[in-house]
Amino acid sequence: GYKAALNSNMLRELDYRNESDRQQKFRNAIRVSGLVVPEIYPLISNERVLVQSWEDGESLDAITNWSLAERRSVAKILLQTLFASLFDHGEVHGDPHLGNYLYRRDAIGRSEVVLLDFGCTIDIPREARLGLLNLILATRENLDIDPLACFQVLGFDGEKLSHLGRLLPSLCKILFAPVCVEHAFKTQEWNV
């Protein structure tokens, strides 16, 4: 499965017309304040050339001296982008390495995140999105659901997970700890 996915994604990533289409759809679909997705110029792009607007910004290392409020604003933009693309749009950016993100301040000093390179995106079927959302909400609100069924909808092998059945709610509490608190979550205190 991994080899097939790698082959498929590699072919998609090398087709700039395909990347152009995905980037434009993402740009139009995801409305997060502070998120910048470069504009595509389709009339001068083709399968071998991708032309987009130039966007300035700094690397993650360069913004470590920004104020705590600015860094939290960046984190909020990143999380809102992930959640909007995952749960609303059903397609997430699949290449989250440091070179695909730029950080900057707009003309009035608000934080912005520039998201680059849409050669690898991942489609998330509606059923899987709902399964994940149900797991998160059930964990957060202590609701009684069948976590095994939700994990199966996400693509996990039910037979292999079945022996963990009674432990899955506890596992969910660990996995989803960051979204189950009402305050800033400190990842260094995450007891994974």
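The values are calculated or read from the model by the stated rules, or taken from the named source; none is laboratory data. Keep in mind that what you see is a predicted model, and the values were worked out from it rather than measured. In this analysis, Cβ positions are derived from the backbone assuming ideal geometry, glycine residues included, and neighbour counts consider all displayed protein chains. These accessible areas exclude ligands, DNA and RNA; they are computed on the full protein's heavy atoms, side chains included. Shrake-Rupley method; radii C 1.70, N 1.55, O 1.52, S 1.80 Å.
Points to keep in mind about this one:
- 19 Å Cα-Cα reach of K186 towards lysines, excluding residues that sit fewer than 8 places from it in its own chain: K76, K173
- Ligands, DNA and RNA are left out, and with a 1.4 angstrom probe the accessible area of the chain is 65 Å² per residue.
- Neighbourhood net charge (11 Å Cβ-Cβ; Lys/Arg +1, Asp/Glu -1) for T81: +1
- Percent accessible area from carbon and sulfur atoms, the chain, protein chains only, probe 1.4 Å: 56
- Among the trypsin sites (Lys or Arg not before Pro) in the stretch 1-67, those placed in a DSSP loop whose Cβ has at most 14 other Cβ atoms within 10 Å are R31, R48.
- Over all other residues within a Cβ to Cβ distance under 14 Å of K186, the charged ones net out to 0, with Lys and Arg as +1 and Asp and Glu as -1.
- Projected over every direction and averaged, the convex hull enclosing the alpha-carbon atoms of the chain yields 13.1 nm².
- Residue-count net charge about R105 - beta-carbon cut-off 9 Å; Lys, Arg +1, Asp, Glu -1: -1
- The alpha carbon gyration tensor of the stretch 27-85 gives principal lengths a ≥ b ≥ c with a/c of 1.5 or higher and a/b no greater than b/c, which makes the shape oblate.
- Percent of beta bridges antiparallel (DSSP, the stretch 16-155, rounded to nearest 5): 85
- Relative to the current alpha-carbon distance between D56 and R17, full extension at 0.36 nm per residue lengthens the span by 11.7 nm.
- Crossing angle, helix 68-83 versus the chain [Cα axis fit, 0-90 degrees, rounded to tens]: 70
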